[in-house]
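Scroll down for the structure; my scribbles are underneath it.
The values are calculated or read from the model by the stated rules, or taken from the named source; none is laboratory data. Source: prediction; values computed, not measured. All Cβ positions, glycine included, derive from the backbone under ideal geometry; neighbour counts span all protein chains shown. To get the accessible areas, we keep the full protein, side chains included, count just its heavy atoms, and leave off ligands, DNA and RNA. Shrake-Rupley method; radii C 1.70, N 1.55, O 1.52, S 1.80 Å.
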Amino acid sequence: MTWIRAGVRGLSSRRALMVAMAVGVTLRLAAVMVVGTTDTDLYEFGTIAHNVEAGRGYSFYSATEDGRVAVDHEQSGRPLPSAFMPPAYTLTVAGALELTESDDGAVRLLQLLNIVAAAAAIALMYALATTVAGPVAGTLAALALATYGAFVYQSTQTSASNLYIPLELGTLVLLLHAARSARLRWVVGAAAALGVVCLLRSEGVALIALGGAWLAWTARRSGNGRVLTRVSVFVVVAAVLPAGWMLRNTTELGSVVPAVTTSGGFNFWIGNHEGTSGSQKSFPEESPALQERINRLPATDGYELERDRLYADAALEHVTDDPLAVLTRNVKKLALMVTFDVYDQRSLHPVNALGWIVVASFGLLGIFRRRITGSDRVLLLGYLAFALLVPSVFFALARFKLAIEFPLIVFGAAHLAPVLARWSQGEQARESPKLTSAPAPVT
């Protein structure tokens, strides 16, 4: 058992982080080689990115000569200005297309970028867990992120979550340091990272308010008299990038757009209309009446805004007409999040299912046994609550669970670290020779 104890003691070494990163990169390289590019789609990112790369502007829909509007897969017709998807990952896809000039080549470049981002996420996970629970917990969390099936698989996919997960990890680390230091540089760093998150994940804008509120609370608790300054700097710096993109959207679409995307109403409709399952993987199509209203929309610069309003109105009509059904469905969405999305076969894969059971079990033990306390606990639990609320209100989707899994990994690592330490010390004590009586004097 000596080598096991040595391994436990070695978890506090920085070399263990290097091992975790090496394992994580190796697993992701293997996954990329197995999955390949054939079954990996560029989705809506690719549609807009192809238009950007072709010089047609940031456009998702186009209008034909007879005035009809359709998704612009072929780069034909008159392109309409778009804000359908957040810009940061879409422009990243456009850059990959520009460099390779083929979808398969772009997917390969994006997969390599995902692996680099994953390595950064593993290091940031180590920093996060180390900050709140010590280096052994940091190494355990890094190893978990490196080997966790859902995160390994995600690196093979073209998804903005590959970039916003490490950025959100970095934001949390910087916020924790901001609460521990009077220096504004930590506040500015956290805000800048969160601003980029907002251009990758439209609902990230809500995190600005949550982060600001947490900073204000921690500053008051610590007696820091610069509460207003710290919170103001955080909110202003974090809001610069999303506000700039909203201004661009307002200018291009000809009407005020107080959001990063023009797909909020559509997403709300996915999870809130009659017969929907609660999962984005399975939901009924538009009713004939809604589809007719969409078809009648004129092909103007404001097409996306008007289209999204129709979806939002249809969803709100259903919510007000049958609030009990909506409440029941929202509970179902939450259940899909904390168990398995039965409409997504990837969620039911044994590797993913077993991994989720382990992470959720240890994470809950860490939460209920209060392995992380004080303002650190409030920050992580607040983030976890936000990650649960968004899909429960809108829709359940596998990528959203990633934002639930990594804080649970931190709580689970914080729970396991002292358990392993006690076990190692107990084994060492049992194997050490014990003197039951004083040695006889030498005569």
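When only Cα pairs under 8 Å and 6 or more residues apart are kept, what is the percent relative contact order across region 300-423?
33
Picking from Ala191, Ala144, Ala299, which is most flexible by a Gaussian network model of the chain using Cα springs under 10 Å?
In this elastic network of the chain, the residue with the biggest mean-square fluctuation among Ala191, Ala144, Ala299 is Ala299.
Residues with beta-carbon under 10 Å from that of Ser62, excluding Ser62: net charge, scoring Lys, Arg +1 and Asp, Glu -1?
Charge balance near Ser62 sits at +1.
Among 273-284, 148-159, 320-331, 58-69, what's the highest-first ranking by average C-beta atoms within 10 angstrom per residue?
Sorting 273-284, 148-159, 320-331, 58-69 by mean packing, highest first, produces 148-159, 273-284, 58-69, 320-331.
Would you please name the chymotrypsin sites (Phe, Trp or Tyr not before Pro) within region 170-241 that are DSSP coil residues with at most 16 other C-beta atoms within 10 Å of their C-beta?
Sparse-neighbourhood loop chymotrypsin sites (Phe, Trp or Tyr not before Pro): none present.
Once both axes come from the Cα atoms, what is the angle between helix 43-53 and the longest principal axis of the chain, in degrees from 0 to 90, rounded to 10?
Approximately 70 degrees, to the nearest ten.
Over the chain, what is the relative contact order in whole percent, taking alpha-carbon pairs under 8 Å and six or more residues apart?
Relative contact order here is 16 percent.
Report the extension gain between Arg370 and Ala70 in nm, rounded to one decimal, defined as 0.36 nm multiplied by the number of residues separating them, less their alpha carbon distance.
102.7 nm
What full-extension length gain, to one decimal in nm, is calculated for Glu292 and Arg248 as 0.36 nm per residue of separation minus the Cα-Cα distance?
Fully extending the segment from Glu292 to Arg248 adds 12.9 nm.
Projected onto the charge dipole of region 314-356 (+1 at Lys/Arg Cβ, -1 at Asp/Glu Cβ, origin at the Cα centre), which of Asn352, Leu336, Leu316 gives the Cα projection farthest towards the positive end?
Toward the positive end, the furthest listed residue is Asn352.
Kindly provide the helix-only [θ] at 222 nm of the chain, computed as the sum of -39,500 (n - 2.57) over DSSP H runs of four or more divided by all residues, to the nearest 500 deg cm²/dmol?
-23500 deg cm²/dmol
Kirkwood hydrodynamic radius (Cα pairs, Å) of region 261-394?
Result for region 261-394 stands at 17.2 Å.
Put a dot 7 Å past each Cα toward the Cβ at Leu389 and Arg180; how far apart are the dots in nm?
2.7
Percent antiparallel among DSSP beta bridges with both residues in the chain, to the nearest 5?
90
For region 213-275, state which trypsin sites (Lys or Arg not before Pro) are in a DSSP loop and have at most 15 other beta carbons lying within 10 Å of their beta carbon.
Counting only loop positions with at most 15 other Cβ atoms within 10 Å, the trypsin sites (Lys or Arg not before Pro) in region 213-275 are Arg226.
At 37 °C and a viscosity of 0.692 mPa s, what translational diffusion coefficient does Stokes-Einstein give for the chain, taking Rh as the Kirkwood radius over Cα pairs? Give it in µm²/s as a whole number.
137
List the aspartates and glutamates whose alpha-carbon lies under 17 Å from that of Lys281, not counting same-chain residues fewer than 8 positions away?
In chain and number order, the partners are Asp39, Asp41, Glu44, Asp341, Asp344.
Binning at 5 Å from 0, report for region 185-343 what percent of all alpha-carbon pair distances ends up in each bin.
Bins of 5 Å from zero give 1, 9, 13, 14, 14, 14, 14, 11, 7, 3, 1, 0 percent of pairs.
Specify the residue with the greatest mean-square fluctuation among Ala142, Ala385, Ala121, computed from a Gaussian network of the chain linking alpha-carbon atoms under 10 Å apart.
Of Ala142, Ala385, Ala121, the Gaussian network model singles out Ala385 as fluctuating most.
Tell me the per residue accessible area of region 54-169 using a 1.4 Å probe; a whole number in Å² is fine.
That works out to 34 Å² for each residue.
Which GluC sites (Glu not before Pro) in region 284-360 pass both tests, a DSSP loop state and at most 10 other beta-carbon atoms within 10 Å?
Glu285
What ranking do 78-84, 45-51 get when scored by the average of other Cβ atoms within 10 Å per residue, highest first?
Peptide ranking by packing, descending: 45-51, 78-84.
Have a look at Val35, Val359, Val136 and tell me which one the Gaussian network model of the chain (Cα, springs below 10 Å) gives the largest fluctuation.
Sorting by GNM fluctuation, first place goes to Val35.
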